[in-house]
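Okay, here's the structure, questions in a sec.
The values are calculated or read from the model by the stated rules, or taken from the named source; none is laboratory data. Given the structure is predicted, the values throughout are model-derived calculations rather than measurements. As a convention, Cβ positions derive from the backbone with ideal geometry for all residues, glycine included, and neighbour counts pool all protein chains shown.
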């Protein structure tokens, strides 16, 4: 069945390759922040700092509560800046301080363990999340600000996603390798190295945003509502609300998967060093799968393609329930399939946000900053709920935390919790995401979205 017809011929402007590459480079640093805390922070707390699974989960969850409030407010602030200055770069510049928070978060003073270590990590996690939001909200609003069409927005997000995947892949492989020996010093060295990448990534992206708006034009948010009014207007959008609720379940699932992977490799596969390899298997396919998902979305529409990606992820999670009875080759194949699905989940969901803004603009009401503030708040909430859910499953199973980076013997119930939390729980969450997504009707109005 052909994909949705669009009016893209009315918006012939295309993003320049150089400006688009510079803009997308910002996703390298974003990939580091998304991956490293999600992949290593729960493990760092429970295996190096001696924090109990329950307290470790709270350490990851509580900072995100502040995020859920801050992101929409930052989105509204970004809209006000855009109306006044004709760009969003003022808020984005604050995000360039994010590398400082990354280093501090993984540089816990030696005397701190348990509760006090959790306080240190949690405080810097709050600071880092707020700085990340200051960068992310205006950064992701850029495609909706540009005077480009429906499929061109997908192209912009595809290039961004490919670079983001490179950031996720690089951080996901390098970070576990750098801390494989355990110990606090290894985590600090890892954070310093990746912070350097984040600094250069952010500076290049700042120039890329400037270049894209100069080439493609800038759509001002218009008068709109003030602050909370913009946020309420975004939430009343039925299609956007369905997309947001679906993405909340999706990002919860994927970040649970990331947080659980080191536990799965150590306690189910009995090879903790294979974490980096499985991360590569999960993320590398996106470099090829992203263009394939874009092609599929042009054939059948973004909505149907996204539903297909969610279904593939459910099947992959259920396949891993067999645990260590699966061979390494089969397990790797399933992880690769999950990575292919992950590429579609990211590309298609993100590219539908500016479509929602465009549809709202056609109705006479849209504020890209508010929409993206709600969206990034949803992402921040999901990144916290995922690891917290997994830590709760571990706690229910009686998982025992350690210090010094060394594993310990676990009860059969704890080992069952490690496996079920990594497989069945994500599958159920993604089914819920599919149900929410099936209510979104943005593709039915595709002709109005250019």
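Against the conditions (1) free of Cβ contacts under 8 Å to residues at least 12 places away in the same chain; (2) surrounded by 24 or more Cβ atoms within 10 Å (Cβ to Cβ), where does residue 185 fall short? Just the number, please.
(2)
crowded, with 21+ Cβ neighbours inside 10 Å, modelled with pLDDT under 80 and under 29 Å from residue 353 (Cβ atoms) - does that describe any residue in region 51-68?
Yes, region 51-68 contains a residue that is crowded, with 21+ Cβ neighbours inside 10 Å, modelled with pLDDT under 80 and under 29 Å from residue 353 (Cβ atoms).
Moving on to the next point. Go through (1) outside any helix (DSSP H, G or I); (2) surrounded by 16 or more Cβ atoms within 10 Å (Cβ to Cβ); (3) modelled with pLDDT of 80 or more one by one and return the number of the condition residue 111 breaks.
Here residue 111 meets the rest and fails (2).
Could you list all residues from region 83-125 that are within 23 Å of residue 380 (Cβ to Cβ) and in contact with a strand residue (DSSP E or B) (Cβ under 8 Å, 6 or more places away or on another chain)?
108, 117, 118, 121
Still on this structure: Assess whether residue 83 counts as being part of a helix (DSSP H, G or I), touching a helix residue (DSSP H, G or I) at 6+ places or on another chain (Cβ under 9 Å) and touching a residue at least 60 places away in the same chain (Cβ under 8 Å). Break it down stepwise before answering.
Working: part of a helix (DSSP H, G or I): yes; touching a helix residue (DSSP H, G or I) at 6+ places or on another chain (Cβ under 9 Å): no; touching a residue at least 60 places away in the same chain (Cβ under 8 Å): yes.
In short, no.
Table: residues versus (1) modelled with pLDDT of 85 or more; (2) within 15 Å of residue 342 (Cβ to Cβ); (3) out of contact with any strand residue (DSSP E or B) (no Cβ under 8 Å at 6 or more places or on another chain).
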| residue | (1), (2), (3) |
| --- | --- |
| 250 | yes, yes, yes |
| 255 | yes, yes, yes |
| 260 | yes, yes, yes |
| 263 | yes, no, yes |
| 272 | no, no, yes |
| 281 | yes, yes, yes |
| 285 | no, yes, yes |
| 289 | yes, yes, yes |
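Another question, then. With the condition kept exactly as written, say whether any residue in region 385-400 is closer than 24 Å to residue 64 by Cα and at pLDDT below 85.
No, there is no match, as no residue in region 385-400 is closer than 24 Å to residue 64 by Cα and at pLDDT below 85.
Considering region 228-248 alone, what residues qualify as being modelled with pLDDT under 90 and either touching a strand residue (DSSP E or B) at 6+ places or on another chain (Cβ under 8 Å) or buried (at least 20 other Cβ atoms within 10 Å of the Cβ) (or both)?
The answer is 230, 231, 234, 237, 239, 240.
Shifting gears a bit: Give me a count of the residues in region 86-118 that are in contact (Cβ under 8 Å) with a residue 40 or more places away in the chain and farther than 15 Å from residue 188 by Cβ.
The initial filter retains those residues of region 86-118 that are in contact (Cβ under 8 Å) with a residue 40 or more places away in the chain, namely 86-89, 91-96, 98-100, 102-103, 105-108, 110, 112-115, 117-118.
Retained after the next criterion (residues that are farther than 15 Å from residue 188 by Cβ): 86-89, 91-96, 98, 113-115, 118.
Residues meeting the conditions: 15.
Out of everything in region 36-47 that is at pLDDT 85 or above and within 18 Å of residue 193 (Cβ to Cβ), what residue ends up being surrounded by the fewest Cβ atoms within 10 Å (Cβ to Cβ)?
The qualifying residue surrounded by the fewest Cβ atoms within 10 Å (Cβ to Cβ) is 41.
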